[in-house]
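Remarks on the structure that follows.
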Amino acid sequence: MHEQLEGTVVAITGASSGIGAATAEHLAAHGARVVLGARRGDRLEEVVGRIAASGGDAIGVVVDVTRREDLARLVGAAVERHGRLDVLVSNAGTMAISPFDDLRQDDWDAMVATNLTGVLNGIGAALPVFRRQRSGQFVHVASTAAYVVKVPQGVYAATKTAVKVLTEGLRQESGPDLRVTLVSPGFTDTEGVGKGASPAAAAALDRQRREVAMPPSAVASAVGYAIAQPAGVDISEVVVRPTAQG
Ligand code: NDP
């Protein structure tokens with residue numbers, strides 16, 4: 001049990017499946033009070049139901065992270081219910097990977113809007129709250145793709161690299177009251193792997209998912225570790241990958 005997680009108020013985007021859902025369940029199991037955001041209300045309610053059945057404290061808010069006002073509602077729901085927000089985990093993302101020659105420009109736009117603008121919208125919503133409280137933590141979920149680009153992941157890797165860079169910039173501006181953490185997972189076994197990707201990319205990703213991937217609970221533990229640090233200590237950057245990943 002991480003004692004520092006007890007009572008901590010954590011909002012998590014992309015919490016209806018995969019890494020976000022696992023993170024919500026992990027943190028709630030250690031006593032955090034979690035506020036879950038995603039677009040699919042039915043899937044959110046399943047996660048909220050599992051947490052509640054285990055004695056945890058969770059609510060779900062239907063949000064689309066590409067919309068500023070939705071992030072404001074997510075943060076507002078946490079403040080309204082608990083009187084504060086301690087951590088915002090910006091995890092929502094899409095991996096619609098394809099070669100440039102396919103010209104899937106709608107997918108490019110969606111990856112930028114969700115993976116990059118979605119994180120900025122989280123900062124816009126939570127930073128004023130954190131400044132008012134004189135405490136708070138941003139946890140941004142990037143990817144090992146922020147460190148090395150592989151074919152055909154150019155656009156996806158660009159969004160994750162941008163998140164890595166803006167997170168470091170935010171950390172440098174944040175001052176002594178705030179913590180800013182980048183968590184970069186490697187291959188993780190979730191429904192998001194290959195979703196919306198071109199057929200060849202999806203087949204390759206699915207094979208790697210079966211052969212290489214780690215469970216989403218591995219990423220959840222890393223997020224929990226970063227949040228559980230004592231005040232004044234910031235785990236700025238974590239890369240968590242399966243040992244089988246090259
Ligand atoms: P999932 O597809 O399981 O999870 C993605 C989550 O993001 C879902 O809850 C989805 O919910 C949500 N989401 C997507 N678009 C939006 C949106 N516009 N607004 C709100 N929520 C949204 O995949 P993962 O768990 O694997 O992905 C989570 C994060 O981890 C992503 O940022 C991904 O890039 C990153 N990552 C994943 C890796 C992997 O190998 N799986 C490796 C490295 C990084 P809904 O559809 O209900 O909105």
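Please treat every number below as a calculation from the coordinates, not as lab data. Worth saying up front: this structure is predicted, and the values here are computed from it rather than measured. No Cβ is skipped: glycine too gets one built from the backbone with ideal geometry, and neighbour counts run over all protein chains shown.
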Compute the acute angle (0 to 90°) between the alpha-carbon long axis of helix 68-82 and the principal axis of greatest extent of the alpha-carbon atoms of the chain; round to the nearest 10°.
40 degrees
With +1 on each Lys and Arg Cβ and -1 on each Asp and Glu Cβ, and nothing else charged, work out how big the dipole of region 203-246 is about its Cα centre, in Debye to the nearest 20.
220 debye
May I ask you to list the trypsin sites (Lys or Arg not before Pro) in region 187-246 that are in a DSSP loop and have at most 16 other Cβ atoms within 10 Å of their Cβ?
195
When only DSSP loop residues count, what GluC sites (Glu not before Pro) in region 174-246 have their Cβ near at most 16 other Cβ atoms within 10 Å?
191
Whole-Hz Karplus ³J(HN,Hα) for region 143-160, in order, using 6.51 cos²θ - 1.76 cosθ + 1.60 and θ = phi - 60°, x for Gly and Pro?
4, 4, 5, 7, 10, 8, 9, 10, 6, x, 9, x, 6, 4, 5, 5, 5, 6
With +1 on the Cβ of every Lys and Arg and -1 on the Cβ of every Asp and Glu, and nothing else charged, how large is the dipole of the chain about its Cα centre, in debye rounded to the nearest 20?
200 debye
Residues with amide H under 5 Å of residue 179's amide H, sequence separation 5 or more or different chain, H placed in the peptide plane at 1.01 Å from N; which?
136, 137, 138
Phi-derived 3J(HN,Hα) across region 194-201 with the Karplus relation (6.51, -1.76, 1.60, θ = phi - 60°), rounded Hz, x for Gly and Pro, is x, 5, x, 7, 5, x, 5, 5
Distant alpha-carbon pairs in the chain (separation over 29 angstrom), percent:
22 percent
Check which residues have an amide H placed less than 5 Å from residue 214's amide H, if you skip close sequence neighbours.
188, 189
